[in-house]
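Reading through the structure tokens given below for one structure.
The numbers here are math on the coordinates, done by the rules we state, and not lab data. Everything quoted here is computed from the prediction, not taken from an experiment. Note that each Cβ is placed from the backbone with ideal geometry, even for glycine, and that neighbours are counted across all protein chains shown.
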Amino acid sequence: MTDLSDELELIRRARAGDQEAFCSLAKAYERRVYLLALYYTRNGADAEDMAQELWLKAFRAMKDFRGESSFYTWLRQIMINSFLNHRRGAATAKVSSIESADQFFASTKGLRSFDLEENVHRKILVEKIFCALEDLTPQQRLIFLLKHHEGMTYEEIARSLGCSAGAVKKSLFRTVLKLREHLGVDEGRAESNDFIPCAAGENL
Amino acid sequence: MHNCQETKERLPDLIFGEMDFREKERTLAELERCPSCDAEYRSLASTLFIYDRAARAAQPDESFWPAHHERLRASYGASPALAPHVAEIRAYAPLWKRILTASVRVPAPLAIASLSLLAVTTLLALRPPRTTVSTARPETRVETRTVEVPVPQDRVVIRTVYVDRSRREGRANARRDNGQNIVSNQTASARPNPAENQREVLQGFKPADTVNLHIIKGSFPR
Ligand SMILES: [Zn+2]
């Protein structure tokens, strides 16, 4: 989907209930949505469920899309709400959804035909990143994904989540420190834990 | 004057691209002058770099996506979304058409209960009424009138007494002379001629075993 007029036409047809048009529209964003769900849940099956639930919500809500923002911006707000609801559900269930790298690669067909050494290296990396993401609160994880993967500004994230831009910044900084710890990055000479770069009293 | 704490507090803005061009230039210049701040910056930037590499490693193989797309497509088909023509009507039709085609989602038990109630109500409404026609047509009034009707009853008589009625017969003959119609009963006609004026002898008389008497009760006109 590179041509904006094509997307507008697909949106018009999808709003009128054309399932094929919606499929074509969704196809352009399916990877992006699935990967965000994957990093958020750290579990291939959960990511699949979450992505499917999100697209179904969007399909049903398509008639309400007024074109006041881009299709993806509208879709992303549905996605954020889904993530927040999923977080509440997961918090209630108190079930950890993390899976081992072997399980993960089996469920997502993630291992390509690299050599053995490359695959071992990838597994270690994936386990590290999933452990790091697991160590974040769901909101920290969501803020990090919206910032680092989606490129949203502090203000946009704050509006979407209903918090302050300062709280978003503080959350991001803490996230990077946790990631650094889990990924084993050398802290150098800096004593990075000595400072927190946002307003006091805000806590995510 | 460089302040390490202030510079480090700005580092998230730098690595997440929240600085404008001038602020970015100023901060990078400070990092060049301060090894501690520069090390911290490189450390944070390396973290994101490694994270990105790991995130890419976690991405599924290319063969995953067509199957994923097909699963999503199938889920739209199974979804109770609007039929195209209905959606078209909703989007562009006038208000009265939208109202006519509007639908409301209700839970299945509530829907079943409502339909059952509707069915019972319809059946009761269609059933023929048990009440008299007077309710349907109030102009025809029923007039109640009391009429005395003779009620005949059969009784078995087990004893019959016969008496001499010659004196009465004499009065009856006098009435006949006066032109009155007298109906004489069987018993009277069977009697011996009163002109003989003799005492009737009942010797050898054999009455019937039973006699049917018709007794008329009530205020039958005499
Ligand atoms: Zn410094």
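How would you rank A:M50, A:M152, going from fewest to most other Cβ atoms within 10 Å of each one's own Cβ? Numbers along the way, then the final one.
Details: A:M50 23, A:M152 20.
Starting with the residue having the fewest Cβ neighbours, the order is A:M152, A:M50.
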Using Cβ counts within 10 Å as a stand-in for footprinting exposure, how do A:M62, B:M19 rank, fewest first? B:M19, A:M62
Quick check: the distance between the Cα centres of the stretch A:155-189 and the stretch A:121-152, to the nearest angstrom? 11 Å
Please report the relative contact order for the stretch A:4-85, taking Cα pairs under 8 Å with a sequence separation of at least 6, and give it as a percent rounded to a whole number. 27 percent
Two decimals, Cα atoms only, Kirkwood Rh: what is Rg/Rh over the stretch A:4-85? 0.97
Simple label model, 7 Å out from Cα along Cβ direction - B:L28 to B:E62, nm: 3.5 nm
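Set the Förster radius R0 to 25 Å, insert the Cβ-Cβ distance between B:L117 and B:A74 as r into 1/(1 + (r/R0)^6), and round the FRET efficiency to 0.05. Please list the in-between numbers first.
Values: r = 38 Å, r/R0 = 1.51.
The pair B:L117/B:A74 has a calculated efficiency of 0.10.
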Label model pair A:R32, B:D52: point-to-point distance (7 angstrom along the Cα→beta-carbon line) in nm is 1.7 nm
Across the residues of B:115-128, average count of Cβ atoms on other protein chains within 10 Å? 0
Can you sort B:R10, A:R60 by how many other beta carbons sit within 10 Å, fewest first? A:R60, B:R10
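Could you calculate the contour length gain from A:E118 to A:E68, that is, 0.36 nm times the residue separation minus the distance between their Cα atoms, to one decimal place in nm?
Values: separation 50, 0.36 × 50 = 18.00 nm, distance 4.60 nm.
Contour length minus Cα-Cα distance gives 13.4 nm.
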